[in-house]
Amino acid sequence: MINFNSAKYLYDMEGVNKTHIQLNLGNSKFKHIVIDPANTDYQAILEWVEDGNTIEDAD
Amino acid sequence: MSKAAELAKWGEVSTNGQVSGRRNVVINGAMQVAQRGADAVAVGTASGYFTVDRFKVFQGATTDGRISMSQAAITDLGGFSKAMKFDVTDADTSIAAGELLQIGTMFEGQDIQGFKKGHSDAEGFTLSFYVKGTAKTYSVELFDADNTRHVTQTFNVTTSWNRIVLNFPADTTGAFDSDNALSLYILIWVHAGADYTEGTAATSWAGNVNANRAVGCGSLFSSDANELFITGVQLEVGSVATPFEHRSYGEELALCHRYCNALLKYGTGNQNDNRIYNADYANVHGFIRMGYPRMRDTPDINYTISAGAAETDYSSNGLIQLFNDSVTNWFIYDVLLEKEL
């Protein structure tokens, strides 16, 4: 699991469905993780949430 | 390869239909491609892809051992100019039960149907690779992720290059799914705690038992003087190892792009000819768009941004499409797309 400062949901064009989780890695670096149960990076984020952490909603 | 072995292989390929075409299912077996960079330090704290494409380091539990990993230039092995190198910087001689360090490459099920695994006419697996380094015994495991089955063998490393050839039996139980998901691992175990070594080695395909996975495996971390070089990794159908199948750099790079694509001048920090502009540069409501060859599935995107943050991501498989309606003059650079198994 990479280190990151915060996590936030991104939505589709209609603003209805969550498509990605945007990780702020610091120093203007970002990682967008596709929300897909088969995505191992997404699975790691779900474990991070299970540990009591929170993904912020979009601005 | 001896004449007898050549004849044996010819007889085998004549009967299993592999007369022509690609023999090696491993991508980047000659370690030519390293899109993320050639060097990584302090490897051992987490699993990940650090240097050469398609080869992942797996770490389990907490070890004090650390390695520098690199795509090393080599001149002492004919036919190869690159190898994956592991140089121990911090030793770990107190191995907890759950510790492990593996070097792995993985396969989509749809790409390995030729092994006919799970069928009555299943084929064997022949794995070959070149190694040198500190004299040690390590383990190699084939792990079927679809059916949670495995088979393992040990091999010896010496201070000179040797080609290791390992024949694994056919498995008539448990077919590989024919899709784009992970079906098979090749795992080279170079450090293992008792949880993985205290059983009886699974020398025939069997349901996974952790204690049987790395029996007899030594530890790369036993001294900070240890090192290990690997190249020429090949996995092929049948029971005879053919010469390593050399492919061009361009061909290997294209194959790697299905899993990882470093765009433009990724990793340089260059903000000029490494940038993807907001199409409406001087105004807000700007899209960044860039097409790329389709990958295994829609990838995760890593990037650095000039200012602010992308507010929405409309990307799909083959197109980066980010939107921001509050910042002008923005662009991204050092873009890395990942859809590894």
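The values are calculated or read from the model by the stated rules, or taken from the named source; none is laboratory data. All figures in this text were calculated on a predicted structure; none of them were measured in a lab. Neighbour counts run over all protein chains shown; Cβ positions are idealised from the backbone, glycine included.
For this structure, a couple of remarks:
- Any hit, the stretch B:247-267, residues being within 14 Å of chain A (Cβ to nearest Cβ) and either surrounded by fewer than 19 Cβ atoms within 10 Å (Cβ to Cβ) or on the phi > 0 side of the Ramachandran plot (or both): yes
- Among the residues of the stretch A:45-58, those that are more than 8 Å from every other protein chain (Cβ to nearest Cβ) and more than 24 Å from residue B:57 (Cβ to Cβ) comprise A:49, A:50, A:52, A:53, A:54, A:55, A:56, A:57.
- Hey, residue B:250 of a type outside the set (A, V, I, L, M, F, W, C) and either over 22 Å from residue B:25 (Cβ atoms) or in contact with a Ser or Thr (Cβ under 7 Å, 6 or more places away or on another chain) (or both) or not: no
- Search result, residues across the stretch B:268-293 that are within 26 Å of the chain's Cα centre (by Cα) and surrounded by 15 or more Cβ atoms within 10 Å (Cβ to Cβ): B:292
- Condition met for residue B:179 (assigned to a helix (DSSP H, G or I) and either of a type in the set (Asp, Glu) or not assigned by TED's automatic domain parsing to the domain that holds residue B:127 (or both)): no
- Between B:86, B:80, the distinction of being within 15 Å of residue B:219 (Cα to Cα) and either crowded, with 16+ Cβ neighbours inside 10 Å or assigned by TED's automatic domain parsing to the domain that holds residue B:33 (or both) belongs to B:86 only.
- Applying the criterion of being over 18 Å from the mean Cα position of the chain (by Cα) and among the aromatic types (Phe, Trp, Tyr) to the residues of the stretch B:128-185, the residue that is surrounded by the most Cβ atoms within 10 Å (Cβ to Cβ) is B:176.
- Scanning the stretch A:5-24 for residues that are part of a strand (DSSP E or B) and either closer than 19 Å to residue B:302 by Cβ or more than 7 Å from chain B (Cβ to nearest Cβ) (or both) returns A:6, A:7, A:8, A:9, A:10, A:18, A:19, A:20, A:21, A:22, A:23, A:24.
- Filtering the stretch B:268-291 to residues that are out of contact with any Lys or Arg (no Cβ under 7 Å at 6 or more places or on another chain), over 12 Å from residue B:327 (Cβ atoms) and small (Gly, Ala, Ser) leaves B:269, B:291.
- For the stretch B:311-321, the criterion of being away from chain A (no Cβ under 11 Å), more than 21 Å from the chain's Cα centre (by Cα) and more than 22 Å from residue B:185 (Cβ to Cβ) is satisfied by at least one residue.
- Of all residues in the stretch A:45-59, none satisfies being under 17 Å from residue B:337 (Cα atoms) and free of Cβ contacts under 8 Å to residues at least 60 places away in the same chain.
- Any hit, the stretch A:27-44, residues being within 10 Å of another protein chain (Cβ to nearest Cβ), under 18 Å from residue B:324 (Cα atoms) and at pLDDT below 95: no
- Condition check for residue B:152: in contact with a strand residue (DSSP E or B) (Cβ under 7 Å, 6 or more places away or on another chain), under 17 Å from residue B:100 (Cβ atoms), assigned to a strand (DSSP E or B) and of a type in the set (S, T, N, Q): yes
Listed here are the residues, each with its yes/no results for (1) β-branched (Val, Ile, Thr); (2) assigned to a strand (DSSP E or B).
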position	(1), (2)
B:36	no, no
B:53	no, no
B:57	yes, yes
B:72	no, yes
B:80	no, no
B:95	yes, no
B:114	no, no
B:120	no, no
B:129	no, yes
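- Residue B:297 out of contact with any Ser or Thr (no Cβ under 9 Å at 6 or more places or on another chain) and within 14 Å of another protein chain (Cβ to nearest Cβ): yes
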